[in-house]
Amino acid sequence: MIRALVVDDEPLSRASVVAELSRDPDLSLAGECSSGDEALAEIRQLHPDLVFLDVEMPECGGFDVLEMLGAEAPPAIVFVTAYDKYAIQAFEVGALDYVLKPFDSARFTVALARAKQRIAAHRAAPRPAERLAIKSIGGVTFVNIAEIDWIEASDYYSRLHAGGKTHLIRRSMADLEKDLHAHSFRRVHRSTIVNIERVRALALNDAGEYDVRLRDGSEHRVSRRHRRELQAALGEE
């Protein structure tokens with residue numbers, strides 16, 4: 001059984017999604033949320049397989065929810081919104097699908113089918129890989145995950161920094177964050193992921209914000225949203 005959570009600040013929109021879910025015998029409703037803050041708490045407590053997430057909500061929208069969840073995000077996220085201008089950004093942050101309001105049953109069924117495939121693959125996934133394959137015109141380069149110091153966003157790519165060398169890989173930060181969470185990698189900023197094993201220090205800067213210093217000599221700003229998770233991972237809290 002697939003457990004689904006519906007997040008939308010509009011009661012009628014939530015009811016529409018719940019009604020569609022009730023028609024599928026493979027799904028059960030884990031809960032409903034009317035705000036992003038509520039969604040964060042429920043996702044962390046309930047661990048749903050699938051979340052239908054509204055993009056625009058007061059104070060904490062769908063993109064904010066995904067950023068704060070990081071690798072804790074459920075296997076399948078389907079954004080639900082009345083605007084198509086967020087489509088590209090939705091896929092960049094790792095969303096599985098994007099459904100426009102008002103949606104019809106046929107379109108919803110397509111989204112559900114994709115979600116079921118993603119969840120099935122997630123449940124059957126083997127143990128985490130020990131290296132990443134980076135394809136280029138000249139062939140394929142393999143980088144040991146344990147040797148990666150940090151990763152930065154680079155448009156539609158991600159740039160790996162390992163042992164003084166850089167490697168460009170065509171994968172999103174959200175995608176890499178999920179895959180590398182088991183290897184002690186943590187997001188410290190919207191555009192930066194660091195290897196916890198390579199952290200040398202966490203210090204306050206002149207602006208009163210935290211910087212994380214790595215063994216390779218690089219320093220990276222830690223956003224407030226990610227500071228607590230980083231401190232917990234480092235055993236500071």
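Looking only at segment 98-115, decide whether some residue is surrounded by 20 or more Cβ atoms within 10 Å (Cβ to Cβ), farther than 21 Å from Ala182 by Cβ and not hydrophobic (A, V, I, L, M, F, W, C). Within segment 98-115, none of the residues are surrounded by 20 or more Cβ atoms within 10 Å (Cβ to Cβ), farther than 21 Å from Ala182 by Cβ and not hydrophobic (A, V, I, L, M, F, W, C). Which one is farthest from Asp216 (Cα to Cα) among residues in segment 143-156 that are modelled with pLDDT of 90 or more and in a strand (DSSP E or B)? Going through the qualifying residues, I end up with Ala153. Only residues that are at pLDDT 75 or above and either in contact with a Gly (Cβ under 8 Å, 6 or more places away or on another chain) or surrounded by 15 or more Cβ atoms within 10 Å (Cβ to Cβ) (or both) were counted across segment 73-94, and they come to 9. When Ala203, Ala182, Ala233, Ala207 are screened for being of a type in the set (Gly, Ala, Ser), more than 22 Å from the chain's Cα centre (by Cα) and closer than 19 Å to Asp149 by Cβ, only Ala203 passes.
Within segment 198-221, the set of residues being closer than 16 Å to Ala162 by Cα and free of Cβ contacts under 8 Å to residues at least 12 places away in the same chain comprises Gly217, Glu219.
For His122, are the conditions met, namely being touching a residue at least 40 places away in the same chain (Cβ under 8 Å) and closer than 26 Å to Asp64 by Cβ? Yes, satisfied. Scanning segment 1-45 for residues that are closer than 23 Å to Ala106 by Cβ, assigned to a helix (DSSP H, G or I) and either out of contact with any strand residue (DSSP E or B) (no Cβ under 8 Å at 6 or more places or on another chain) or among the β-branched types (Val, Ile, Thr) (or both) turns up Leu12, Ala15, Ser16, Val17, Val18, Ala19, Glu20. Scanning segment 102-141 for residues that are in a helix (DSSP H, G or I) and among the β-branched types (Val, Ile, Thr) yields Thr109, Val110, Ile119.
The values are calculated or read from the model by the stated rules, or taken from the named source; none is laboratory data. Everything numeric here is computed off the predicted structure, so don't read it as measured data. Heads up, the Cβs are rebuilt from the backbone with ideal geometry, glycines too, and the neighbour counts pull from every protein chain shown.
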